[in-house]
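To start, the structure under review is shown below, and the notes come after it.
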Amino acid sequence: MALLAVEGLTKYFGGLRAVHDLSFEVREGEILGLIGPNGAGKTTAFNLIAGFIEPTRGRIFLEGENIVGMKPYAVTRRGIARTFQIVKPFRKLTVLENVTLAAFLQFPSRPEAEAEARRLLEKMGLGAKIPTLASDLTLSEQKRLEIARALATRPKLLLLDEPMGGLNATEIEQASALVCDICKEGVTIIWVEHVLKAIMNCSNRVVVVDQGVKIADAPPGEIVENQKVISAYLGTKRG
């Protein structure tokens with residue numbers, strides 16, 4: 001059984017179709033890349049899976065349980081955490097306080113929550129920033145803080161929404177290695193990203209959406225040769 005199964009997921013905003021009849025599965029221990037042109041429906045799909053919005057129709061199963069209609073906190077309790085394309089730290093709280101708040105979901109006592117937060121921050125390379133206000137971090141550091149907060153909820157499935165947006169080449173390389181390490185430690189990942197080289201190097205499979213519709217679902221080596229994918233990104237067929 002797949003860890004996550006999306007079946008016929010459809011979302012309309014008024015007359016605008018954001019996602020249409022989207023179906024895919026994610027197996028435990030997998031990194032699944034979710035790519036597509038701007039406006040393809042990727043973040044809407046994340047919002048649907050995480051419970052931020054409800055689908056017009058369709059079903060989402062986590063370990064066989066239909067989670068459609070559940071509030072975001074209930075989805076998180078069942079093991080799905082997410083990051084955001086635009087980072088959303090509590091800017092007036094310290095780095096440690098940001099992650100500790102998330103850790104309370106699994107660690108009810110403050111000493112335990114803080115200990116877990118410190119462990120994750122060290123792992124993210126933010127150990128020296130523990131007393132720093134979140135507002136004083138660089139963009140790269142804020143991206144890692146966002147991931148640490150998500151991991152503090154002890155997710156089975158992590159939804160990463162463009163964790164490399166705005167980073168330089170060195171930071172992208174470091175972030176790619178971090179994504180792979182997180183998966184190796186037992187967290188399944190769905191990853192939305194426009195840095196295609198990183199997606200192709202790290203993902204086991206890639207799902208491509210265009211105008212809300214899935215046009216491909218295959219290993220990275222097949223995706224880069226897929227004429228529908230090439231057309232969606234370049235607006236023309238090759239050859």
- Query: Among the residues of the stretch 134-182 satisfying the criterion of being farther than 28 Å from PHE107 by Cβ and of a type in the set (D, E, K, R), which is surrounded by the most Cβ atoms within 10 Å (Cβ to Cβ)?
  - Reply: GLU162
- Task: Inspect the stretch 165-182 for any residue being part of a loop (DSSP other than H, G, I, E, B), under 19 Å from VAL26 (Cβ atoms), at pLDDT below 95 and of a type outside the set (Asp, Glu) and give the result as yes or no.
- Result: no
- Query: Within the stretch 217-225, is even one residue modelled with pLDDT of 90 or more, more than 22 Å from ARG78 (Cα to Cα) and part of a strand (DSSP E or B)?
  - Reply: yes
- Item | Residues (more than 23 Å from the chain's Cα centre (by Cα), surrounded by fewer than 17 Cβ atoms within 10 Å (Cβ to Cβ) and not hydroxyl-bearing (Ser, Thr, Tyr)) located in the stretch 92-123 | LYS92, LEU93, PRO108, ARG110, PRO111, GLU112, ALA115
- Qualifying residues in the stretch 183-197 (those that are part of a helix (DSSP H, G or I) and at pLDDT below 90) - the one surrounded by the most Cβ atoms within 10 Å (Cβ to Cβ): LEU196
- Message: I'm told ASN201 meets every condition in (1) under 12 Å from ILE31 (Cβ atoms); (2) in contact with a strand residue (DSSP E or B) (Cβ under 8 Å, 6 or more places away or on another chain) except one. Can you identify the failing condition by its number?
- Response: (2)
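So that you can scan it fast, the table gives a plain yes or no per residue for (1) out of contact with any Cys (no Cβ under 7 Å at 6 or more places or on another chain); (2) within 18 Å of PRO72 (Cβ to Cβ); (3) in contact (Cβ under 8 Å) with a residue 24 or more places away in the chain; (4) crowded, with 22+ Cβ neighbours inside 10 Å:
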residue	(1), (2), (3), (4)
GLY14	yes, no, no, no
PHE24	yes, no, yes, no
GLU28	yes, no, yes, no
LEU48	yes, yes, yes, yes
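The values are calculated or read from the model by the stated rules, or taken from the named source; none is laboratory data. On a predicted model such as this, the values are computed, not experimentally measured, just so you know. Here Cβ is always computed from backbone atoms with ideal geometry, including for glycine, and neighbour counts include all displayed protein chains.
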